[in-house]
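Read through the structure below, which is laid out as structure tokens, and then see the notes.
The values are calculated or read from the model by the stated rules, or taken from the named source; none is laboratory data. Given the structure is predicted, the values throughout are model-derived calculations rather than measurements. Virtual Cβ from ideal backbone geometry, glycine too; neighbours counted across all protein chains shown. In case anyone asks, the SASA skips ligands and DNA or RNA and just uses the protein heavy atoms, side chains included. Shrake-Rupley method; radii C 1.70, N 1.55, O 1.52, S 1.80 Å.
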Amino acid sequence: MTRHLLDIDDLGADGITEVLQVTDSFAEVARRAIPKVPTLRGKTVATLFFEDSTRTRISFETAAKRMSADVLSFAAGSSSLKKGESLRDTIETIEAMGIDAVIIRHPSSGVALQATRWLSDSAVVNAGDGWHAHPTQALLDLYTVRELHDGDDGCFRGLRVVIVGDVRHSRVARSQVAAYVAMGARVTLAAPATLMPPSVEGWGVDATNDLDEVLAEADVVSLLRIQEERGSGAFLPSLREYTAEFGLTADRAHRIRPDAVVLHPGPMVRGVEIASDVADLPNVHVTRQVANGVAVRMAVLFLLLGSGETSRAAGDVPPPPAPTHAGPTTANGGSRGS
Amino acid sequence: MVAGLRQADVLVSDGRIVQVGSDDGRGGALEAPSGAVVIDAGGCVVLPGLVDLHTHLRQPGDEEAETIESGARAAALGGFTAVVAMPNTNPPLDSASAVRDVQSLARDVPVDVFVAGAITVARAGERLAPMAELARLGVRLFTDDGNGVQSAGMMRRALEYARGLGVVLAQHCEVASLASGGAMHEGEWSARLGLPGIPASAEEVMVARDLLLAREVGARIHLLHLSTSGSVDLVRAAKRLGVAVTAEATPHHVSLTDASAATYDPLFKVNPPLRSKGDVDAVRSGLADGTIDAIATDHAPHRAETKDLPFDQAPPGMIGLETAVGVVLTELADLPLAQVVAMMSTRPAAIAGIGPANGGAHGGPIAAGHAANLCIVDLEATWVVDPSRLASRSANSPYGGRKLTGRVRHTVLHGEAVVIDGEAQR
């Protein structure tokens with residue numbers, strides 16, 4: 001694995017597979033009575049969140065704590081940024097406190113990459129930068145899909161993934177596209193034209209403005225949140241019209257494949273992206289995504305910080321990726337589970 | 001030896017060219033009078049001093065980024081003998097007192113500073129600035145640069161008023177409602193990088209509008225920093241129709257593309273933004289065929305602490321006075337030198353109203369009787385740009401580490417060598 005995790009391109013197909021395989025072991029830790037391992041004992045991880053977030057920050061902090069790392073939590077609202085300190089100085093100051101990894105979220109695209117130029121030693125994990133990337137969200141989505149395919153690394157090949165919603169302003173969508181495409185899935189973006197990116201040149205995806213045209217074929221339906229706080233609403237006549245055209249209504253839920261997987265990065269706005277009844281259907285795996293988020297982030301932190309120290313805590317540390325997986329799936333068959 | 005050039009000594013006295021060695025087979029040699037300062041231009045070309053139509057000197061208001069003096073030194077080192085200072089200072093140059101202040105601060109600096117006045121009060125696009133009063137102080141060019149005049153009605157009125165005064169309006173073509181919130185060129189790269197884009201239409205809509213207004217009103221208009229293929233096409237068509245339009249392009253818009261933003265380094269953030277490869281090629285063609293009249297730097301200094309921010313929060317702008325010649329000679333190496341001189345001296349001087357046709361001292365020619373404003377360039381010298389060693393008070397150059405071919409060796413301002421062997425003399 002690379003020194004930092006800034007976006008999915010840092011990983012490539014092999015790197016993604018490695019993260020997913022290591023996640024298997026950490027998912028097992030989460031199921032233990034005492035879900036804690038000493039893997040990162042002595043390491044200090046800082047979460048630097050310059051944008052409101054509850055679930056991602058808590059997910060990362062839980063992941064770090066389950067690995068016995070010390071966690072330092074920094075929220076922009078309570079910080080010296082309010083006193084006029086620059087972002088660069090803030091980040092450099094945090095590192096001076098002896099930090100091994102910085103987990104950073106910022107409303108501006110590119111800040112995670114900029115942080116790597118400002119920091120000398122710390123590993124940087126991008127927990128979401130502007131509209132650009134949110135790699136761990138994409139990884140946990142893929143992990144969830146793979147889990148529903150009995151842990152088959154090859155399950156993505158040929159898988160039909162439809163990503164629905166405000167792709168234009170979505171870092172989640174950009175990372176999902178990169179990850180699914182790298183793993184060989186066939187990705188279609190479905191959005192009103194105003195919420196499509198200005199170009200998808202080089203993305204390796206199809207794009208449509210008509211969700212109903214692609215919904216029935218989808219193996220994975222990945223919904224995005226309409227980000228009212230980012231002004232997505234101004235790109236639409238009304239939320240009502242969005243829901244009518246792109247919402248996963250009860251009517252549309254009847255038309256998806258029975259084995260299709262519905263994902264949502266949260267927070268889910270019932271009645272807009274997804275009808276309230278539909279959100280509770282068994283195909284909708286939002287809670288599973290949240291649980292997997294912790295395990296994926298443990299795997300990421302392990303791969304960035306834990307390498308070379310696996311022997312020290314042998315026995316408690318999850319074993320390195322197991323070469324084989326249980327389950328009746330074929331290696332390359334793209335089995336879709338049931 | 002470059003075609004169209006000849007070898008000759010140039011004798012200067014009292015700020016004027018007295019004699020240019022004749023083409024008589026003796027290599028144009030002249031006898032230096034006793035006591036004369038001899039500047040060695042061996043291996044170099046002697047050009048008319050360069051003229052920059054578009055310089056931000058930041059004084060008054062942001063003297064930490066640049067002062068008239070530091071900017072003037074940077075200009076002289078870049079081979080410029082005249083610069084047009086943009087009015088988006090703080091306070092803006094929209095009043096006689098503000099213009100007089102800059103003129104007096106610029107009196108003893110090593111470049112002639114010509115002030116551009118604002119078109120509207122506070123550059124707010126709502127009320128005409130006192131253009132007649134400013135014209136009496138010598139202002140020939142008016143612009144709200146940094147902002148385009150958004151209201152078509154206001155721009156039309158300003159063009160009429162300017163026509164009556166015989167001055168030129170220079171438009172920063174940017175429709176705010178189209179550009180709003182954008183940090184880079186809208187296209188493949190902005191989509192990938194997740195940065196809000198500024199579409200080409202933000203520029204082109206205003207270019208088209210103002211060409212129509214200028215034609216209807218019968219006014220002259222100058223279009224600042226053209227950056228898109230569509231803008232070049234519009235100006236080309238308008239010139240065929242006889243619209244009195246001139247246009248400029250910057251060295252960065254012919255040498256860098258929007259792919260530079262992939263570093264998220266705000267050094268590559270500028271307005272108008274770096275565009276696609278296709279736009280860069282179109283701007284180059286526009287310069288080659290004369291659709292775009294002039295090269296202008298849009299030298300825009302920013303303090304490091306204001307530039308070292310997230311890309312979308314950093315102010316746009318890059319410095320360019322000291323790298324302009326090198327970038328143009330390196331990147332537009334196919335253009336004949338005579339055309340480079342036209343784009344960087346003769347035509348900008350004419351546009352600014354400071355050329356010989358207006359009784360001004362800039363833009364050549366190098367002939368007896370004309371002002372001794374000269375720039376001596378070594379066309380073969382290669383150098384690597386080190387932003388920390390430039391004379392500008394700011395270091396926000398996008399060319400750090402770039403190897404350029406062509407460097408200013410000496411600059412002569414009204415007969416005084418203000419730069420000798422690449423060193424500022426004051």
(request) For segment B:48-404, just say rounded, prolate or oblate: build the C-alpha gyration tensor, square-root its eigenvalues into a ≥ b ≥ c, call rounded for a/c under 1.5, and beyond that prolate if a/b exceeds b/c, oblate if not. (result) rounded
(request) Express the relative contact order of chain B as a whole percentage, based on alpha carbon pairs under 8 Å and six or more residues apart in sequence. (result) 20
(request) Only Lys, Arg, Asp and Glu count, each charged at its Cβ (+1, +1, -1, -1), so figure out the dipole size of segment B:51-116 about its Cα centre, rounded to 20 debye. (result) 160
(request) Skip the ligands, DNA and RNA, and give the accessible area per residue of segment A:135-287 with a 1.4 Å probe, whole Å². (result) 36
(request) Kindly express, to the nearest 10 degrees and within the range 0 to 90, the angle between helix B:229-240's C-alpha long axis and the longest C-alpha principal axis of chain B. (result) 70
(message) Rolling a 1.4 angstrom probe over the protein chains, ignoring ligands and nucleic acids, what is the accessible area of B:ASP62 in square angstrom, nearest 10?
(response) 40
(request) Leaving ligands, DNA and RNA out of it, rank B:ARG402, A:ARG174, B:ARG393, B:ARG127 by accessible area with a 1.4 Å probe, largest first. (result) B:ARG127, B:ARG393, B:ARG402, A:ARG174
(message) Running a GNM on chain A with Cα contacts under 10 Å, which residue among A:PHE235, A:PHE302, A:PHE74 ends up with the highest mean-square fluctuation?
(response) A:PHE235
(message) Given R₀ = 30 Å, what would the calculated FRET efficiency be for A:ASN209 paired with A:ALA250, taking r from the Cβ atoms and rounding to 0.05?
(response) 0.85
(message) Helix-only estimate, please: 222 nm mean residue ellipticity of the protein assembly as shown, summing -39500 (n - 2.57) across DSSP H runs of length 4 or more and dividing by its residues, to the nearest 500.
(response) -9000 deg cm²/dmol
(request) Return the sequence-ordered ³J(HN,Hα) values of segment A:32-38 in whole Hz as given by the Karplus equation 6.51 cos²θ - 1.76 cosθ + 1.60 applied to θ = phi - 60°, using x for Gly and Pro. (result) 6, 4, 10, x, 9, 10, x
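What size of dipole, in debye to the nearest 20, comes out for chain B about its Cα centre when the only charges are +1 on Lys and Arg C-beta atoms and -1 on Asp and Glu C-beta atoms?
740
Just by accessible area at a 1.4 angstrom probe, what is the order of A:LYS43, B:LYS277, B:LYS307 from largest to smallest? Please list the in-between numbers first.
On the way: A:LYS43 40, B:LYS277 125, B:LYS307 10 Å².
Greatest to least solvent exposure: B:LYS277, A:LYS43, B:LYS307.
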(message) Suppose R0 equals 30 Å. What FRET efficiency, 1/(1 + (r/R0)^6) with r the Cβ-Cβ distance, do A:ALA193 and A:MET268 give to the nearest 0.05?
(response) 0.80
(message) Among DSSP bridges having both ends in the protein assembly as shown, what percentage is antiparallel? Round to the nearest 5.
(response) 30
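Using +1 on the beta carbon of Lys and Arg, -1 on that of Asp and Glu, and nothing else charged, what's the dipole of segment A:135-287 about the Cα centre, debye to 20?
Value, rounded to 20: 320 debye.
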(request) First select every other residue whose beta carbon is under 13 angstrom from the beta carbon of A:VAL278; then total the charges, Lys and Arg +1, Asp and Glu -1. (result) -1
(message) Skipping prolines and chain starts, which residues have an amide H placed within reach, meaning under 5 Å, of the one on A:ILE163, given they are 5 or more residues away or on another chain?
(response) A:THR188, A:LEU189, A:ALA190, A:SER222
(message) If you average the alpha carbon positions of segment B:21-79 and of segment B:309-345, how far apart do those two centres end up, in angstrom?
(response) 17
(request) Sum up the charges of everything whose Cβ sits under 9 Å from the Cβ of B:LYS269, counting Lys and Arg as +1 and Asp and Glu as -1, but leave B:LYS269 out. (result) -1
(message) Could you tell me which residue out of A:ILE163, A:THR243, A:SER73 lies farthest along the dipole of chain A toward its positive end? Charges go on the beta carbon: Lys and Arg +1, Asp and Glu -1, centred on the Cα centre.
(response) A:SER73
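Rounded, prolate or oblate: which one fits chain A, using the alpha carbon gyration tensor with axes a ≥ b ≥ c (rounded when a/c is under 1.5, else prolate when a/b beats b/c, else oblate)?
Because a/c hits 1.5 or more and a/b fails to exceed b/c, chain A counts as oblate.
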(message) Take the residue pairs B:LYS307/B:LYS403; B:LYS277/B:LYS403; A:LYS36/B:LYS307; A:LYS43/B:LYS403 and return only those whose Cα atoms are more than 32 Å apart.
(response) A:LYS36/B:LYS307; A:LYS43/B:LYS403
(request) List the relative contact order of segment A:34-152 as a percent without decimals, with contacts defined as Cα pairs under 8 Å and 6+ residues apart. (result) 24
(request) Could you list which residues have their amide H under 5 Å from that of A:SER86, counting only those 5 or more apart in sequence or on another chain, with H placed in the peptide plane? (result) none
(message) Rounded to the nearest percent, how much of the accessible area of segment A:135-287 (1.4 Å probe, protein heavy atoms only) is carbon and sulfur?
(response) 50
(request) Over the whole of A:109-119, what's the average partner chain Cβ count within 10 Å per residue? Rounded to a whole number, please. (result) 5
(request) Only counting protein heavy atoms at a 1.4 Å probe, give the residues of segment A:192-216, ordered by number, whose accessible area falls by 50 Å² or more when the other protein chains are present relative to the chain alone. (result) A:PRO198
(message) With θ taken as phi - 60° and the coefficients 6.51, -1.76 and 1.60, list the Karplus ³J(HN,Hα) couplings across segment B:203-216 in order, rounded to whole Hz; mark glycine and proline as x.
(response) 7, 5, 4, 6, 4, 4, 4, 6, 5, 5, 5, 5, 5, 5
(request) Under 1.5 on a/c is rounded, so check that first for segment A:135-287, then, if it is not, pick prolate when a/b is larger than b/c and oblate when it is not; a ≥ b ≥ c are the square roots of the alpha carbon gyration tensor eigenvalues. (result) oblate
(message) What is the distance in Å between the Cα centroid of segment B:156-223 and that of segment A:246-307?
(response) 45
(request) Calculate the length of the line joining the C-alpha centroid of segment A:167-226 to that of segment B:379-398, in whole Å. (result) 44
(message) Could you tell me which residue out of B:VAL341, B:SER177, B:LEU256 lies farthest along the dipole of the protein assembly as shown toward its positive end? Charges go on the beta carbon: Lys and Arg +1, Asp and Glu -1, centred on the Cα centre.
(response) B:SER177
(message) With θ taken as phi - 60° and the coefficients 6.51, -1.76 and 1.60, list the Karplus ³J(HN,Hα) couplings across segment A:40-47 in order, rounded to whole Hz; mark glycine and proline as x.
(response) 10, 4, x, 8, 10, 10, 10, 9
(request) Ignoring everything but the protein chains, give the 1.4 Å probe accessible area of B:TYR264 in square angstrom, nearest 10. (result) 10
(request) At a probe radius of 1.4 Å, figure out the B/A buried accessible area, summed over both chains, and give it in Å² to the nearest 100. (result) 1500
(request) Tell me which residues come under 5 Å, amide H to amide H, from B:VAL12 once H is placed; ignore anything under 5 positions away on its chain. (result) B:VAL18
(request) Quick one: pull the percent of accessible area on chain B belonging to carbon and sulfur, 1.4 Å probe, ligands and nucleic acids left out. (result) 49
(message) Could you give me D for the protein assembly as shown, from Stokes-Einstein at 20 °C and 1.002 mPa s, where the hydrodynamic radius is the Kirkwood radius over C-alpha pairs? Units µm² s⁻¹, please.
(response) 74
(request) Report the accessible area of B:MET154, computed with a 1.4 Å probe over the heavy atoms of all protein chains in place, in Å² rounded to the nearest 10. (result) 20
(request) First select every other residue whose beta carbon is under 14 angstrom from the beta carbon of B:PRO348; then total the charges, Lys and Arg +1, Asp and Glu -1. (result) -3
(message) Straight-line reach from A:LYS65: which aspartates and glutamates fall under 17 Å, measuring Cα to Cα and dropping same-chain residues less than 8 apart?
(response) A:GLU28, A:ASP100, A:ASP316
